[in-house]
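The structure under discussion appears below in the form of structure tokens.
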Amino acid sequence: MPARTLVIIAHPDLSGASRVNRRWAAELDRFPDEFDVRDLYALYPDGVLDEAAVAAERAALEEHDLIVFQFPVYWYSAPALLRTWTDEVYGFGWAYGGEQAAPGEPGRKLAGKRFAVAMCAGDIEANYRAEGTVGFTPSEVIIPFRATANYVGASCEPEPFTLFGTEGDLSDGELERSASSYISWLRAL
């Protein structure tokens with residue numbers, strides 16, 4: 001029986017430069033009965049998803065009701081491979097294009113699924129407000145994920161799990177607390 005939650009990690013250097021996403025991934029690994037993890041950059045280091053890769057990704061999505069996208073914020077979006085993944089995996093006739101079909105039938109394989117986003121941002125939380133330098137809240141930054149979920153008949157949690165200030169002086173203690181909080185957040189979904 002598959003784990004309850006599928007976590008799709010998109011970090012181009014998870015085992016190297018990443019501090020936060022690597023720690024979060026390690027925390028997920030502690031609970032293999034609860035979380036299935038797919039590290040996109042490890043699976044597809046050349047950035048290409050062939051037919052077999054698309055089939056594998058679709059199979060993983062079909063097996064789970066809750067899908068979480070975990071990534072560092074790159075220019076107020078996700079890393080490039082997650083966009084490529086979406087373009088390839090959410091194909092016509094599989095993820096959309098069957099508006100009359102019931103959830104799970106061809107063209108509506110993601111209907112009824114639940115999505116959520118977990119992200120880390122280099123900037124501080126105060127800047128992720130209307131009056132901040134970013135000018136948008138985390139909930140607004142993930143609008144493309146929410147809109148995509150709506151389009152394919154899924155739902156997306158309106159508020160992402162967000163750790164701010166990761167390019168500043170994030171202490172080891174703050175990082176550890178974030179890993180614990182992340183697991184608690186996932187379990188509460």
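The values are calculated or read from the model by the stated rules, or taken from the named source; none is laboratory data. In this text the structure is predicted, and so the values were computed from the model without any measurement. All Cβ positions, even for glycine, are placed from backbone atoms using ideal geometry, and neighbour counts span all protein chains on display. In case anyone asks, the SASA skips ligands and DNA or RNA and just uses the protein heavy atoms, side chains included. Shrake-Rupley method; radii C 1.70, N 1.55, O 1.52, S 1.80 Å.
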statement: One quarter of the C-alpha convex hull surface, i.e. the mean projected area of segment 123-189 in nm², amounts to 5.3 nm²
- line: Given backbone amide H placed at 1.01 Å from N, residues whose amide H is under 5 Å from that of Leu163, ignoring those fewer than 5 places away on the same chain, are Met119, Cys120, Ala121
- request: Estimate the FRET efficiency between Ala59 and Glu131 by the formula 1/(1 + (r/R0)^6), using the beta-carbon distance for r and 41 Å for R0, to the nearest 0.05.
  value: 0.35
Equivalent-ellipsoid semi-axes of the chain, from the Cα gyration tensor, Å, largest first: 27, 19, 16
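Exactly which chymotrypsin sites (Phe, Trp or Tyr not before Pro) in segment 1-93 are in a DSSP loop and have at most 13 other Cβ atoms within 10 Å? The partial results should precede the final answer.
Values: sites: Trp24, Phe35, Tyr41, Phe69, Tyr74, Trp75, Tyr76, Trp85, Tyr90, Phe92; in loops: Trp75, Tyr76, Tyr90.
Passing both the DSSP loop test and the Cβ count: Trp75.
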- prompt: How far apart, in nm, are the 7 Å Cα→Cβ label points at Asp50 and Asp87?
  reply: 1.9 nm
query: Taking amide hydrogens as modeled 1.01 Å from N in the peptide plane, which residues meet the under 5 Å criterion relative to Val37, leaving out close sequence neighbours?
result: Val7
field: q = 0.11, 0.21, 0.22, 0.24 Å⁻¹: log10 I(q)/I(0) that the Debye formula gives for segment 66-178, counting C-alpha atoms only
entry: -0.42, -1.10, -1.17, -1.31
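Pull out a ≥ b ≥ c, the square roots of the eigenvalues of the alpha-carbon gyration tensor of segment 6-94, then state rounded if a/c is under 1.5, prolate if not and a/b is larger than b/c, and oblate in the remaining case.
Working: a/c = 1.81, a/b = 1.22, b/c = 1.48.
Verdict is oblate for segment 6-94.
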- line: Amide H neighbours of Phe69 at under 5 Å, excluding residues fewer than 5 places away on the same chain, with H built from the backbone geometry, are Ile8, Ala116, Val117, Ala118
statement: Neighbours of Tyr74 by Cβ distance under 14 Å: Lys/Arg at +1, Asp/Glu at -1, summed charge -2
- request: Write out the GluC sites (Glu not before Pro) in segment 1-67 meeting two conditions: DSSP loop, and at most 16 other Cβ atoms within 10 Å of their Cβ.
  value: Glu34, Glu63
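Around Tyr182, what is the net charge, scoring Lys/Arg as +1 and Asp/Glu as -1 over all other residues with Cβ under 15 Å from its Cβ? Please report the intermediate quantities before stating the final value.
On the way: positive: Arg19, Arg22, Arg23, Arg30, Arg177, Arg187; negative: Glu27, Asp29, Glu34, Glu157, Glu159, Glu174, Glu176.
Charge balance in the 15 Å sphere: -1.
Taking R0 as 25 Å, what FRET efficiency do you get between Ala188 and Tyr76 from their Cβ-Cβ distance, rounded to the nearest 0.05?
Working: r = 26 Å, r/R0 = 1.04.
Calculated transfer efficiency: 0.45.
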- prompt: Ignoring ligands and nucleic acids, what accessible area does Asp50 show with a 1.4 Å probe (Å², nearest 10)?
  reply: 90 Å²
message: Over the chain, with the other protein chains present, what is the accessible area per residue in square angstrom, probe 1.4 angstrom?
response: 50 Å²
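Around Leu110, what is the net charge, scoring Lys/Arg as +1 and Asp/Glu as -1 over all other residues with Cβ under 11 Å from its Cβ? Can you show the working numbers first?
Working: positive: Arg58, Arg108, Lys109, Lys113, Arg114; negative: Glu62, Asp65.
Net charge in that neighbourhood comes out at +3.
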- request: DSSP loop (so not H, G, I, E, B), at most 15 other Cβ within 10 Å: list which GluC sites (Glu not before Pro) in segment 105-168 pass both filters.
  value: Glu131, Glu167
